[in-house]
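A.B. asks: Encoded as structure tokens, here's the structure I'll be asking about.
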Amino acid sequence: MSPHGDKSDAAEEALVAETEKRPISTILIVIAMQTEALPVVNKFNLTEDPDSVFPKGVPWVRYHGFYKDLHINLVWPGKDSSLGVDCVGTVSASLVTYAAIQALQPDLIINAGTAGGFKAKGAGIGDVYLACDVAYHDRRIPIPVFDLYGVGLRQACVSPNLQKELNLKIGKLSTGNSLDMSPQDEASIVANDATIKDMEGAAVAYVADLLKVPIIFVKAVTDVVDGEKPTAEEFLQNLSAVTAALEEKVTQVIEFINGKCLSDL
């Protein structure tokens, strides 16, 4: 008689195989900032949900609509009620991702947004990357095994056809809760072999992995982290132009996904 674990593993593998062969129907786009979100909202004529699927009182915003065979949901964490700025960072990203998955049951998540890039790894302003994996660079726990938990490495959904069709750059993404980069962060980013860095990706990936939803990352470079200009200055200077490049690539990604299964990506 087979152990119960073997049966459950086999059932899970069968479910995954079935899911990969089913056409993608519902997608969830998770974006951290309104400036990044609105070009995509406008491109696909998405409308804000008047009857929020989220708990009362939270600032999270959902836009949705239909495009060809896809039901598109775009969520962003909204603005801080006290300060009026975008709720960036890992905490808000993980919360809104969890709530959106529970409410919407997406077939695929797209975490889209801007990122810093490293010229030493070939990144330049306006480059758009498809991240192959993501990890944290600011969760340092120097205890065996806990150190690996702190790094929190997660894999993106394998999508070689998408990368080839859209000619997207491939790189590793590293996530932390600060826009700048401390020496300790830099050492961890080097250890992660990252080409790009953001403030949300690893958190979104953690929730997606927890709830078994495949995820891809589309990140556009606003600032060169190892360049000459201050990061905050360069980020703000390039934000508008780079979000336009991001919208263009996200549009192409959605066009490619339409009518396809996960195994086609």
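A.B. asks: From the list Val75, Val151, Val128, which one is under 20 Å from the mean Cα position of the chain (by Cα) and within 19 Å of Asp180 (Cα to Cα)?
C.D. replies: Details: Val75 fails: within 19 Å of Asp180 (Cα to Cα); Val128 fails: within 19 Å of Asp180 (Cα to Cα).
Unique residue meeting the criteria: Val151.
A.B. asks: For segment 43-68, give me each residue that is touching an Asp or Glu at 6+ places or on another chain (Cβ under 8 Å) and under 10 Å from Ala99 (Cβ atoms).
C.D. replies: Arg62
A.B. asks: Of everything in segment 218-265 that's small (Gly, Ala, Ser) and open to solvent by 20 Å² or more (accessible area, probe 1.4 Å), which residue is nearest to Thr195 (Cα to Cα)?
C.D. replies: Of the residues in segment 218-265, the ones small (Gly, Ala, Ser) are 220, 227, 232, 240-241, 244-245, 259, 263.
From what is left, the residues that are open to solvent by 20 Å² or more (accessible area, probe 1.4 Å) are 227, 232, 240-241, 244-245, 259, 263.
Numbers: Gly227: 13, Ala232: 18, Ser240: 22, Ala241: 21, Ala244: 21, Ala245: 18, Gly259: 31, Ser263: 26 Å.
Of everything passing the filter in segment 218-265, Gly227 is nearest to Thr195 (Cα to Cα).
A.B. asks: Are any residues in segment 159-177 closer than 14 Å to Asp209 by Cβ and surrounded by fewer than 19 Cβ atoms within 10 Å (Cβ to Cβ), and if so, which ones?
C.D. replies: none
A.B. asks: Would you pick out the residues in segment 162-175 that are touching an Asp or Glu at 6+ places or on another chain (Cβ under 7 Å) and touching a residue at least 60 places away in the same chain (Cβ under 8 Å)?
C.D. replies: First, the residues of segment 162-175 that are touching an Asp or Glu at 6+ places or on another chain (Cβ under 7 Å): 169, 172-173, 175.
Scanning segment 162-175 gives a single hit, Thr175.
A.B. asks: Please enumerate the residues belonging to segment 195-225 that are in a loop (DSSP other than H, G, I, E, B) and of a type in the set (Lys, Arg).
C.D. replies: From segment 195-225, those in a loop (DSSP other than H, G, I, E, B) are 195, 199-200, 211-214, 225; that's our starting set.
Matches in segment 195-225: Lys212 only.
The values are calculated or read from the model by the stated rules, or taken from the named source; none is laboratory data. All values reported here derive from a predicted model rather than from experimental measurement. Note that we place each Cβ from the backbone using ideal geometry, even for glycine, and neighbour counts take in every protein chain shown. Each accessible area value is taken on the protein alone, full model and side chains, heavy atoms only, with ligands, DNA and RNA left out. Shrake-Rupley method; radii C 1.70, N 1.55, O 1.52, S 1.80 Å.
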